[in-house]
Amino acid sequence: MSVADVDALVIGGGPAGLSAAVELRRRGAGRVLVLDREPSAGGIPRDCRHPGFGWADQRRVLSGPAYARRLARLAHDARVEVWTESAAVRWTADRRVEVTTPRGLFPLSGRAVLLATGCRERPRPARLVPGDRPAGVLTTGALQRLVHATGERAGARAVVVGAEHVSFSAVHTLRASGTEVAAVVTEWPRHQTYAPLRWLAAGARGVPVLAGSEVTRVVGRGRVEAVEIASRDGATRRIDCDTVVFTGDWIPEHELARLRGLALDPVTRGPAVDTAFRTSATGVFAAGNLLHGAEAADHAAVEGRACGAAMARYLVDPGAGWRPAAEVRVQTGPTLLWIVPGLIAGGGERPPAFVTRAASFGGRGAVEVRQDGRLLHRKRFRSLVPNRSIHVASGWLADVNPGGGPVSVAAVLARESP
Amino acid sequence: MPEAYDVAVIGAGVVGSAVARALAAYELRTVLLEAAADVGTGTSKANTAILHTGFDAVPASLEARLVARGYALMGPYAEAAGIPVERTGAVLVAWTAEEVEQLPSLEEKAHANGSPDVRRVAADEVYALEPSLGPGARGGLLVPREAILCPFTATLALATEAVSNGVTLLLRSRVTGVSRSPAGYRLECGREAVHARCVVNAAGLHADTVDGLFGRSRFTVRPRRGELIVYDKLARELVTRVVLPVPTKTTKGVLVAPTVFGNLLLGPTAVDLDDKDDRGTTREGLASLLGWGRRILPALAAEEITATYAGLRAATGSGDYQVHFDADDRYLCLGGIRSTGVSASLALAEHAEERLSTVVALVVKRSYRPIRMPAIGEAMTRPFQDGARIAGDAEYGRLVCHCERVTAGEIRDALAAAIPARTLDGLRRRTRCLQGRCQGFYCLGRITAMLAAATGQPAAAVTAAFA
């Protein structure tokens, strides 16, 4: 096969990749090719059969599959080439990958390459939950695809591990397909989703949330029979079930990023990028949930769109140089786990928002952005919730001193009133 | 009464499969009886996946002789049959002064066991060989010929070759009773009894029970559980060879080994149990492995864990294999093979062949079909990498399991193989699907649907339980 050279090669056809591709075309990029390894593009929303998608980028509320179809159609209308069942399996040069497809192997290269490979949930072994290794142990991703691919329920009675947004997406899938949800188990003192989402998933009768608890053992030789649960106060209990769904605990799908030797953010384990979504390798960009684990799909799309704009500027003027020598680092205080992007490029590049996550629950307060002690931005919040992101607008970037020290971002809690 | 078999082999693990394959070369009616729903589901599936030279065996023991011989036979067989083997070599590392003192005797032992190439290395050479090792290594032993292999494919290749050459494989056929019959033996195994003139006991963890059915009580199998952690492929480059500890009296200790699927393995623990089915992992076991990992290879701590599992070695009180032949009774027992079964399997089969030749006539078959297993080793050219293969059949370019790069063509083939996959676990062992870092996040639904379609069962039935 001959080498195909395109202007922008986008690896991953989920919300971030498709949105970046559309934006590239809108800004005049020539040949834009999106690779997706699944039979249809659209990413994770394809399997999320509930509403809640599309507000941030499309200004409408859609179901996951409808949102995925819409993004794919917009890409088609923008004359983005989308190759499905096409897996980038290795790098053969700086911006060239080998792609396996049913039509054969193709070397493909882009003047600019975007990694938008998304994220996955840590499965049970990665969480070191001991016990037997029976059938019936799933992640949300495995559950939703199993139910949709087979049209059957995953089991009769399930325990869901985790109590963040995605956990209730799993609850929704389980219940909609006829599986009773025995409990939602979280190590945190309470669940971490929005009340409406929880209601939508669990219905008026709700689902018991076992807070401050963790699954300590899976029981069952052939099939799950029960899980053992320990709560923080030392009590242990056993819940009979034939299915366990491990949810959340995201890890970026970073294989290609690591094989390319990209610098990673030590906390998110996604590629470290600057405010123009540039990685440590010239011409290689990264966006979406690869950077930080799961954000709402529409946020990934908004990020992809901004990244597409930055890529388009790069394609017009690649000689302007890759990342500037003087970068300002963004760092988080002890109350926040990480922030993306973690580098400020200068030159007017603006991501739609900085994304950060709280380290634990907290009351009212404000996110404060400072450089060398100077307050650049302040955003109030009513509460801090772990596993839920805080979006910090980026308008303050113009006030950053490019020669100054690192920018620090901290969540400062209001004093408790007596 | 149905016609009697000449030989019944009890147990389709790696040893029983090797014996059946050896007998398939002769004009014999051979039956291979397996209690589980697939071949190789006991000790043969959950081990450290190492092809041992036998350098550290007890010199002059049967195990030492058979492992050395088995190692020599496995190389060419693996090459011909397509069993993934990588000749990585091993380095045994001494971390304490006491362990350093043992190195000369280990070296001597290796030389006595037919491994003259084993030599002592100083600490700086240990680090030159394996720069990522943690601090504190004081010296070591280089074992150049120690290798890694795919234990799933090894068992499947041997059983497939046996079946392809006329051996009858009966799955879900646990032998629960033995009696004398005019033909020799009547073996109760499920719905129908099997009659055979000679019997080979290769029942692994249950070899003592089967030995009991033949009126013997020569040994007791006490399962020794070994828990293992499989690290992500991105950790593979941390070592180039197997990193062994100095063995103790009871165990070879916790090692770090690359796998032929491109992962890194840490383990095993060693805990004696009474329950022959308890393959569960434990909090303590996993915690102890993490501790070993931090010491041996500190960089492991930052890497993702792909899988954890536990295997049971068929340990007996004795330090050696329990191989007994009763010519008058036409009964051969191959028990107590512990953790070196895959390495010794072809030598055990050779041994069985020799013994049985004294009680049955071994007439070489005129036509014999060698087999070639699908290429699932990381060092092989796999279908997804093979443009010509994909050009001939697009299914080999259609990736289903992305983490392990398994194509729809390979899954289809495994479902239609001579010994077809009938469970998700069976597909997993034949193709690598579902074994990767996502553990089914992306592919479980599609693979379940393919399995259900191939077996004509509802999905709920094929995911009901692992077997």
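Considering only residues that are away from chain A (no Cβ under 14 Å) and crowded, with 24+ Cβ neighbours inside 10 Å, which ones fall in segment B:397-425? Correct list: B:ALA414, B:ALA421.
Go through A:VAL244, A:VAL171 for me and flag whichever is touching a helix residue (DSSP H, G or I) at 6+ places or on another chain (Cβ under 7 Å) and outside any loop (DSSP other than H, G, I, E, B).
Values: A:VAL244 fails: touching a helix residue (DSSP H, G or I) at 6+ places or on another chain (Cβ under 7 Å).
Being touching a helix residue (DSSP H, G or I) at 6+ places or on another chain (Cβ under 7 Å) and outside any loop (DSSP other than H, G, I, E, B) holds for just one of A:VAL244, A:VAL171, which is A:VAL171.
Residues that are closer than 24 Å to B:VAL406 by Cβ and either within 14 Å of another protein chain (Cβ to nearest Cβ) or out of contact with any Leu (no Cβ under 7 Å at 6 or more places or on another chain) (or both): list the strands (runs of 3 or more DSSP E) wholly contained in segment A:34-136 that include at least 2 such residues. Per the criteria, A:81-83, A:87-93, A:96-101, A:104-115, A:119-121.
Looking only at residues in segment B:7-29 that are buried (at least 20 other Cβ atoms within 10 Å of the Cβ) and in contact with a Phe, Trp or Tyr (Cβ under 9 Å, 6 or more places away or on another chain), the one that is nearest to B:ALA154 (Cα to Cα) is B:ALA24. Within segment B:72-122, the residues that satisfy the criterion of being within 23 Å of the chain's Cα centre (by Cα) and in a strand (DSSP E or B) are B:VAL85, B:GLU86, B:ALA90, B:VAL91, B:LEU92. Among the residues making up segment A:253-263, those that are out of contact with any Ser or Thr (no Cβ under 7 Å at 6 or more places or on another chain), surrounded by fewer than 18 Cβ atoms within 10 Å (Cβ to Cβ) and not basic (Lys, Arg) are A:LEU259, A:GLY261. Quick check on segment B:445-454. Is at least one of its residues within 13 Å of chain A (Cβ to nearest Cβ), of a type in the set (S, T, N, Q) and surrounded by fewer than 24 Cβ atoms within 10 Å (Cβ to Cβ)? Taking every residue of segment B:445-454 in turn, none turns out to be within 13 Å of chain A (Cβ to nearest Cβ), of a type in the set (S, T, N, Q) and surrounded by fewer than 24 Cβ atoms within 10 Å (Cβ to Cβ).
The set of residues from segment A:233-254 being touching a residue at least 24 places away in the same chain (Cβ under 8 Å) and either acidic (Asp, Glu) or more than 13 Å from chain B (Cβ to nearest Cβ) (or both) comprises A:ILE239, A:ASP240, A:CYS241, A:ASP242, A:ASP249, A:GLU253.
Do we find a residue being polar (S, T, N, Q), in contact with a helix residue (DSSP H, G or I) (Cβ under 9 Å, 6 or more places away or on another chain), part of a strand (DSSP E or B) and modelled with pLDDT of 95 or more anywhere in segment A:185-198? Break it down stepwise before answering.
From segment A:185-198, those polar (S, T, N, Q) are A:186, A:192-193; that's our starting set.
So of that shortlist, the ones also in contact with a helix residue (DSSP H, G or I) (Cβ under 9 Å, 6 or more places away or on another chain) come out as A:186, A:192-193.
Retained after the next criterion (residues that are part of a strand (DSSP E or B)): none.
Within segment A:185-198, none of the residues are polar (S, T, N, Q), in contact with a helix residue (DSSP H, G or I) (Cβ under 9 Å, 6 or more places away or on another chain), part of a strand (DSSP E or B) and modelled with pLDDT of 95 or more.
Looking only at residues of segment A:145-167 that are facing another protein chain (nearest Cβ under 8 Å) and in contact (Cβ under 8 Å) with a residue 40 or more places away in the chain, we find that the one that is nearest to A:GLU225 (Cα to Cα) is A:ALA154.
When the test is whether a residue is at pLDDT below 95 and within 14 Å of chain A (Cβ to nearest Cβ), B:ALA302 passes it. Here A:GLU214 clears all of (1) under 18 Å from the mean Cα position of the chain (by Cα); (2) modelled with pLDDT of 95 or more; (3) within 14 Å of chain B (Cβ to nearest Cβ) except the condition numbered (1).
Condition check: more than 28 Å from B:GLY184 (Cα to Cα) and of a type in the set (A, V, I, L, M). Does B:ILE305 satisfy that? Judged against the criteria, B:ILE305 is a match. Taken over segment B:360-406, the criterion of being of a type outside the set (D, E, K, R) and assigned to a helix (DSSP H, G or I) is satisfied by B:PRO383, B:PHE384, B:GLN385, B:GLY387, B:ALA388, B:ILE390, B:ALA391, B:GLY392, B:ALA394, B:TYR396, B:GLY397. All conditions in (1) under 28 Å from B:VAL199 (Cα atoms); (2) at pLDDT 95 or above; (3) out of contact with any Ser or Thr (no Cβ under 7 Å at 6 or more places or on another chain); (4) not hydrophobic (A, V, I, L, M, F, W, C) hold for B:GLU63, with the sole exception of (3). B:ARG429 meets each of the listed conditions (1) touching a residue at least 60 places away in the same chain (Cβ under 8 Å); (2) within 28 Å of B:ARG87 (Cβ to Cβ); (3) within 9 Å of chain A (Cβ to nearest Cβ) apart from (3). Would you confirm whether any residue within segment B:127-137 is within 30 Å of B:ASP38 (Cα to Cα) and either over 27 Å from the mean Cα position of the chain (by Cα) or in a helix (DSSP H, G or I) (or both)? Among the residues of segment B:127-137, not one is within 30 Å of B:ASP38 (Cα to Cα) and either over 27 Å from the mean Cα position of the chain (by Cα) or in a helix (DSSP H, G or I) (or both), which makes the answer no.
With respect to B:ILE390, is the statement that it is within 12 Å of another protein chain (Cβ to nearest Cβ) and in contact with a helix residue (DSSP H, G or I) (Cβ under 6 Å, 6 or more places away or on another chain) true? Talk me through it step by step, then tell me what you get.
On the way: within 12 Å of another protein chain (Cβ to nearest Cβ): yes; in contact with a helix residue (DSSP H, G or I) (Cβ under 6 Å, 6 or more places away or on another chain): yes.
Spelling it out, B:ILE390 is indeed within 12 Å of another protein chain (Cβ to nearest Cβ) and in contact with a helix residue (DSSP H, G or I) (Cβ under 6 Å, 6 or more places away or on another chain).
Here A:ALA202 does not fit the description of being closer than 28 Å to A:SER63 by Cβ, more than 14 Å from every other protein chain (Cβ to nearest Cβ), of a type in the set (Gly, Ala, Ser) and touching a residue at least 40 places away in the same chain (Cβ under 8 Å).
Any residue at all in segment B:331-345 that's within 14 Å of chain A (Cβ to nearest Cβ) and closer than 29 Å to B:LEU213 by Cα? Steps first, please.
So the first thing to find is which residues in segment B:331-345 are within 14 Å of chain A (Cβ to nearest Cβ), and the list is none.
No, the conditions are met nowhere in segment B:331-345.
A residue that is within 9 Å of chain A (Cβ to nearest Cβ), among the hydrophobic types (A, V, I, L, M, F, W, C), under 27 Å from the mean Cα position of the chain (by Cα) and buried (at least 19 other Cβ atoms within 10 Å of the Cβ) can be found somewhere in segment B:375-385. Outside any helix (DSSP H, G or I), touching a residue at least 60 places away in the same chain (Cβ under 8 Å), crowded, with 23+ Cβ neighbours inside 10 Å and more than 7 Å from every other protein chain (Cβ to nearest Cβ): is that true of B:ARG437 in this structure? For B:ARG437, the condition - outside any helix (DSSP H, G or I), touching a residue at least 60 places away in the same chain (Cβ under 8 Å), crowded, with 23+ Cβ neighbours inside 10 Å and more than 7 Å from every other protein chain (Cβ to nearest Cβ) - is met.
The residue list B:TYR77, B:TYR127 contains one member that is in contact with a helix residue (DSSP H, G or I) (Cβ under 8 Å, 6 or more places away or on another chain) and not hydrophobic (A, V, I, L, M, F, W, C), which is B:TYR77.
Per the conditions (1) closer than 27 Å to A:TRP322 by Cα; (2) at pLDDT 95 or above, the sole criterion not satisfied by A:GLY293 is (2).
The values are calculated or read from the model by the stated rules, or taken from the named source; none is laboratory data. Since the structure is predicted, the reported quantities are computational estimates derived from the model, not experimental observations. Cβ: placed from backbone, ideal geometry, glycine included. Neighbour counts: every protein chain shown.
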